[in-house]
Amino acid sequence: MADYHEMWAGLGLDLKTHDMLLEIVGKGYTDVFLSQKNRPKGMEYFDFVMSEVHGLRIKEILDAKAEGRKVIGTYCVFVPEELVLAIDGVCIGLCAGAEFGFEEAEKFLPRNTCSLIKSAFGFKLGKVCPYVESADMIVGENTCDGKKKAYESFKDIVNDLYVMDLPQMKSPEGRSLLKAEYKKFAQRLEEMSGKKITVESLKKGIEIANNKRKAIHRLSALRAAELSPISGLDGLLANQIFFYDDPIRFTNSVNAVCDELEVRIKEGVGVFPKDTPRVLISGCPMAVPNWKLPFIIENSNAVIVGEEMCTGERGTQNLVNTNANSVDELIDNIVDRYFQIDCAVFTPNPGRLEHIKEMVKKYKADGVIHYGLQFCQPYQMESKILEKELETAGIPVLLIETDYSQEDAGQIKTRVDAFVERIQK
Ligand code: BJ8
């Protein structure tokens, strides 16, 4: 990697701490990803992206800003990237997946806050995230109580925080609220960029976002092959990079991996031996560099064949229909897609159970490992209902409750080993 210290200093990063963070993430990446055997050649692109995650990509973003494009940071898959693309903006997922700066974060948040929220605060307070520092506007959303209340303090420590309200029920009123919020957001984007969203620009934004999702759908479908052509870790990595790479380059790179996987499937090449137990993971999102649980699973003689999470199929499923003649109709189509997201903050939320069952069938999973972050009430509460329903339907379930620390890794490994033995054919 080239020397980017000047660029980072310009963004106000704490260089010493940032160097330390990069070293830890780099080492983690080498241990978790580069140690895997028989990876598809196309994954080299993702290795490159990760090696330049705070370098080249940030430079690209700063170049885009210099051209007058706006950078929008987000924390939730409910924020419609299509609208950001329609003003020729850059949309970046900011979720943080490392236990970093928690002590500082706890000056603003109760100790019993989930790691995901603490990490977002920790990255900002520790001045180690060039994405947060590059953003012209950060979008928060009223989802779980933790996030909703945390944004009340977050607004004082970031530049321009915009909070979007979201429905909690899949009712006609809920849908109307979502549409009103998306229209308000579109207006805010127009004001800040000085660019009008037109039918043409919005259709283009939809097309770029749809293509990105189609590429991931293609990758997911290939993971259904009897002999897994790619590891779950690499599948997750593609889903994580989905949030901050250039969307067109990302789409092309995922499609290139898919071309290679199709050949692998034809030739009977897999990354794990035949009859390796197949696991579906489900639950809270896993942001970079949160690879603890998938690493444990794939080092317990199982393969992950799909992710029912926002860094996975919950975040990428369904496309936006481009068939419309006005911006308002296109926004309706966007609402139609996003309103189907089955986040656990919705009540009731039967769609998620159905989606998990569908995924188990589609990817031929032998069991489900549910990943719930400590203190995440929506997913922890829902996990009990899911466990009961899935076990009744004959689908074995393991509930894992954890955080971003490594302290419980040994204990989780023991439980995953026992579960893998249970689902072994
Ligand atoms: S659509 S999952 S990205 S809200 S882990 S902060 S829920 S206490 S992240 Fe999410 Fe949007 Fe839903 Fe997806 Fe709260 Fe739970 Fe923490 Fe969470």
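The values are calculated or read from the model by the stated rules, or taken from the named source; none is laboratory data. Note that the coordinates shown come from a computational prediction; the quantities given were computed from them, not determined experimentally. Quick reminder, even Gly has a Cβ in these numbers, built from the backbone with ideal geometry, and neighbours come from all protein chains shown. Just so you know, the surface numbers come from the protein's heavy atoms only, side chains and all, with ligands and any DNA or RNA stripped out. Shrake-Rupley method; radii C 1.70, N 1.55, O 1.52, S 1.80 Å.
Odds and ends about this structure:
- Of the solvent-accessible surface of the chain, computed with a 1.4 Å probe and all protein chains present, 53% belongs to carbon and sulfur.
- Calculated accessible area for the chain comes out at 42 Å² per residue, all protein chains present (probe 1.4 Å; ligands, DNA, RNA ignored).
- Electrostatic dipole magnitude of the chain [Cβ: Lys, Arg +1; Asp, Glu -1; Cα centre; debye, to 20]: 720 debye
- Largest GNM mean-square fluctuation among Met286, Met164, Met20, using the chain with Cα springs under 10 Å: Met20.
- The chain, relative contact order [Cα under 8 Å, separation at least 6], %: 17 percent
- Ordering Leu330, Pro172, Ala2 by the projection of their Cα atoms onto the charge dipole of the chain, which places +1 on the Cβ of Lys and Arg and -1 on the Cβ of Asp and Glu, puts Pro172 at the extreme positive end.
- Loop-resident sites, region 110-150, for trypsin sites (Lys or Arg not before Pro), counting at most 14 other Cβ within 10 Å (DSSP): Arg111
- Whole-Hz Karplus values for region 2-9 come out as 5, 8, 10, 4, 5, 4, 5, 4 Hz, taken residue by residue from phi with 6.51 cos²θ - 1.76 cosθ + 1.60 and θ = phi - 60°; glycine and proline positions read x.
- A simple rule links phi to the HN-Hα coupling: the Karplus curve 6.51 cos²θ - 1.76 cosθ + 1.60 with θ = phi - 60°, which for region 227-239 gives 9, 4, x, 8, 6, x, 4, 5, x, 5, 4, 4, 5 Hz, with x for Gly and Pro.
- With the simple spin-label model, which puts each label point 7 Å out from Cα in the Cβ direction, the Asp156 to Leu34 separation comes to 4.3 nm.
- Which listed pairs, of Lys147/Lys183; Lys59/Lys170; Lys41/Lys65; Lys107/Lys196; Lys147/Lys384; Lys170/Lys266, have C-alpha distances above 31 Å, in listed order: Lys59/Lys170; Lys41/Lys65; Lys107/Lys196; Lys170/Lys266
- For Val397, distant residues with modelled amide H under 5 Å away: Val368
- Our helix-only sum for the chain, with -39,500 (n - 2.57) per DSSP H run of n ≥ 4 divided by its residues, gives a mean residue ellipticity at 222 nm of -16000 deg cm²/dmol.
- Charged neighbours of Asn142, selected by a Cβ distance under 10 Å, balance to -1 (K, R count +1; D, E count -1).
- The 3J(HN,Hα) values that the Karplus relation (6.51, -1.76, 1.60; θ = phi - 60°) gives for region 340-345 are, in residue order, 8, 5, 9, 5, 5, 6 Hz. Gly and Pro appear as x.
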